[in-house]
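Presented below is the structure to which this report refers.
The values are calculated or read from the model by the stated rules, or taken from the named source; none is laboratory data. Model, not experiment: these values are computed from the prediction. FYI the Cβ positions are ideal-geometry reconstructions off the backbone, even for glycines, and counts take in every protein chain you see.
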Amino acid sequence: MKHLLKLLDLTGEEILEILNLADQLKYETKHGIDHPHLKGKCLGMIFEKSSTRTRVSFEVGINQLGGYAVVLAADCSQIGRGEPVQDTARVLSRYVDGIMIRTFGQDEVEALAEYGSVPVINGLTDFCHPCQVLADLMTIRERKGSFAGLKLCFIGDGNNMMNSLIVGGLKVGMAVSVACPEGYRPPREILEFAAGYEQFTLTDSPLEAAKDADVVITDVWTSMGQEEERAKREAAFKGYCIDETLMAAAKPDAMVQHCLPAHRGEEISAEVFEAHADEIFEEAENRLHAQKAVLVKTMGC
């Protein structure tokens, strides 16, 4: 695997290979078994969006694999002052062994991969969030044993999380149901992909989407860069909160996932969040293990 730009680029088998390696690396980490697969290698990390989990999990991950990270914040690098991304790609490729970027436009990630000569990992864009969804899938399989026969439900905005969950969920064999208001649906590219799967459902009814779900997932209604739309979005998503009423429509043993940070009382009630906190924070931990697998699959080749 040369890059991880979006889950659309991977086959279901490739996703499962990453998850299998993530499981192995998690086991080794928990049992104190060293795995210096990337000894001496350097990961350049570009942050044009703020971060907690992405920053810490990637930096800890590359260290545990025997490598090290160099962090470039937008206000501390030339890319933040208008240097063309293709020039940044060619320069960094001469210094580092891989690049992770967390940014706004998917085109910037694709350009880094096109013009650079080292692996590029998408840490988040407005279009997709592949690393988070790999961690979600890892957590679902840990808790449920397999993906066979499962229904995944996402309630909320047709954003990067919904996009990647649709792709990842369908590719590993789950049924996927999503609920979002008119005007906040996933982009055409994602809907065209999903149209090839009979087990995909798009609705504006959260209760319909959650019916008999094994996994219920949500995200904030207002993402980074959308702060001016907050009031409009709060009105549009009224009734899209994962609360006890909605969870009653899902299966009794349904699990809940949230990529964090969570706004209790908006997209998820405090009661549901706390009832499923172990699952949610296991999901957060699994960012570390899933991303270590991605680092090995890309930079270890």
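Applying the criterion of being under 24 Å from the mean Cα position of the chain (by Cα) and among the small types (Gly, Ala, Ser) to the residues of region 244-267, the residue that is surrounded by the fewest Cβ atoms within 10 Å (Cβ to Cβ) is GLY265.
Pairing each residue of region 260-275 that is on the phi > 0 side of the Ramachandran plot with any residue that is among the aliphatic types (A, V, I, L, M) and at pLDDT 95 or above, provided the two are 6+ apart or on different chains, yields C-beta distances under 8 Å for LEU260/ILE280; LEU260/ALA284. The set of residues from region 173-194 being aliphatic (A, V, I, L, M) and either over 24 Å from SER146 (Cα atoms) or crowded, with 21+ Cβ neighbours inside 10 Å (or both) comprises MET174, VAL176, VAL178, ALA179, ILE190, LEU191. Can you confirm whether LYS232 is free of Cβ contacts under 8 Å to residues at least 12 places away in the same chain and either in a loop (DSSP other than H, G, I, E, B) or farther than 27 Å from PHE104 by Cα (or both)? No, not satisfied. Under the condition of being polar (S, T, N, Q) and in contact with a His (Cβ under 8 Å, 6 or more places away or on another chain), the residues counted in region 214-256 number 1.
The residue that is farthest from GLN226 (Cα to Cα), counting only those in region 178-200 that are touching a strand residue (DSSP E or B) at 6+ places or on another chain (Cβ under 8 Å) and of a type in the set (Gly, Ala, Ser), is ALA194.
Give region 2-40 a look and list any residue that's in contact with a helix residue (DSSP H, G or I) (Cβ under 6 Å, 6 or more places away or on another chain) and of a type in the set (Gly, Ala, Ser), or say none. The answer is GLY12, ALA22.
Among the residues of region 116-147, the one identified as at positive phi and in contact with a helix residue (DSSP H, G or I) (Cβ under 9 Å, 6 or more places away or on another chain) is LEU124. Which of the residues belonging to region 122-136 are touching a Phe, Trp or Tyr at 6+ places or on another chain (Cβ under 8 Å) and either part of a strand (DSSP E or B) or among the hydrophobic types (A, V, I, L, M, F, W, C) (or both)? Matches in region 122-136: GLY123 only.
Every residue, every condition in (1) over 20 Å from ASP126 (Cβ atoms); (2) out of contact with any Gly (no Cβ under 6 Å at 6 or more places or on another chain), yes or no:
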residue	(1), (2)
ILE62	yes, yes
GLY66	yes, yes
VAL71	yes, yes
ALA74	no, no
ILE79	no, yes
GLU83	yes, yes
ALA89	no, no
ASP97	yes, yes
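A single entry from VAL85, VAL96 fulfils the requirement of being in contact (Cβ under 8 Å) with a residue 40 or more places away in the chain and in the same structural domain as ALA22 (by TED's automatic domain parsing): VAL96. Restricting attention to region 196-219, the residues being under 13 Å from TYR184 (Cα atoms) and either modelled with pLDDT under 95 or touching a Phe, Trp or Tyr at 6+ places or on another chain (Cβ under 7 Å) (or both) number 0. Only one of the numbered conditions (1) at pLDDT 95 or above; (2) closer than 20 Å to ARG53 by Cα; (3) part of a loop (DSSP other than H, G, I, E, B) is not met by GLY225, and that is (1).
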